[in-house]
1. I'd like the FRET efficiency for residue B:70 and residue B:34, computed as 1/(1 + (r/R0)^6) with the beta carbon distance as r and R0 of 22 Å, rounded to 0.05.
2. Based on the Cβ-Cβ distance of residue A:42 and residue B:160, what FRET efficiency does E = 1/(1 + (r/R0)^6) give at R0 = 30 Å, to the nearest 0.05?
3. So, R0 is 22 Å and r is the distance between the beta-carbons of residue B:138 and residue B:83; what FRET efficiency does that work out to, to 0.05?
4. Of A:20, A:72, A:40, which is farthest on the positive side of the dipole of region A:18-114, counting Cα position, with +1 on Lys and Arg Cβ, -1 on Asp and Glu Cβ, and the Cα centre as origin?
Amino acid sequence: MKPTTLLKLCTLCALLLAGCAQYENRRGVEVAWSGSAEEFTVGKTTRHDVLKRLGPPSQVIALNDETVLYYLFERSQGNGLVLVVYNRMQIDTRYDRAIFFFDGNDVLTEFSSRAQDGNAK
Amino acid sequence: MQSKKGTAAFLLTLLLACIGLTGCSQWYYHLGETLSQHAVPQPDGDTTLKEVLAVFGPPHRLSADTNGYVFAWEYWRVREDAVGVNLSPFGLDFLSVDVARVATQGEFLLATFDAEHHLTAINLSTWNNRVGDGKALQPFGVYDVATTEDLVRGFGEVHTYGASMLRRLPTALNRESDLSSGANGIEQRATPHSMGQHSLEMR
């Protein structure tokens with residue numbers, strides 16, 4: 001192969017060599033609470049019910065006789081374009097959250113959840 | 001003949017440029033959902049925690065305080081542009097030229113509630129500014145000239161809530177058990193820290 005042809009091939013490869021990348025990161029308590037809001041009733045559901053349904057929370061907070069169970073699931077997804085002279089990466093992070101308030105008798109007094117589709121319940 | 005040489009020189013220059021310009025990158029981060037699209041409730045004495053949660057959903061950060069709760073929601077867009085030129089193909093492998101810029105756009109909503117779940121204060125702040133800007137001519141490109149690490153990391157403190165309960169007490173708090181105090185015994189050389197007098201230090 002002639003040196004010039006080789007050089008042409010190398011240059012072409014350098015210009016056209018491209019790659020792509022995908023990225024995903026999940027952290028926190030992965031709980032499928034979407035659709036489960038109907039299962040919880042203020043004044044009736046107990047802390048035991050919530051723990052049984054959703055598992056251990058991400059955080060527990062207490063204020064006087066009140067207890068708060070907080071669930072957080074963090075999900076990052078990204079994709080990228082890897083070229084020789086230019087690289088681009090975009091990462092979107094979304095948060096699923098749920099919060100439950102219980103009185104001194106461990107009965108649910110208030111709750112809220114928001115899944116990745118953005119619906120509050 | 002002259003034309004072939006010219007073409008070869010052009011191709012070689014192009015190839016070297018392609019190899020050298022390997023550090024041009026753009027990073028985009030989106031964290032959370034926009035907050036300003038919602039009307040912010042006002043603390044008129046009747047607004048409740050339930051109403052605020054109905055609008056914004058559960059918060060991203062929360063804490064109890066002496067009189068109630070503090071909730072925070074946030075939304076971030078971070079953009080990092082970087083250009084790095086490595087001159088090694090040109091025989092200057094000890095030199096790297098780097099230029100980088102980081103810009104952010106964000107929203108932060110902070111709300112406080114009393115123990116009866118009434119909204120006592122709320123504020124939404126927004127910003128759109130440049131938070132990092134760097135240029136460097138350095139050997140081998142050792143250091144990043146701009147970083148977004150602290151801006152885009154997750155809510156680590158929430159995920160490590162349980163582990164935080166098991167952290168060691170600072171050695172300083174238990175300094176009275178320090179062998180150097182001269183009041184807490186002696187220990188033979190090379191004794192493991194997990195046993196003997198050193199274990200009292202909890203370090």
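1. 0.55
2. Using R0 = 30 Å, I get an efficiency of 0.45.
3. Efficiency for this residue pair is about 0.95.
4. Of the candidates, A:20 comes out farthest on the positive side.
All of the numbers you see were taken from the coordinates with simple rules; none came from a lab. All values derive from a computational prediction rather than experimental measurement. So basically every Cβ, Gly included, is an ideal-geometry build from the backbone, and we count neighbours across all protein chains shown.
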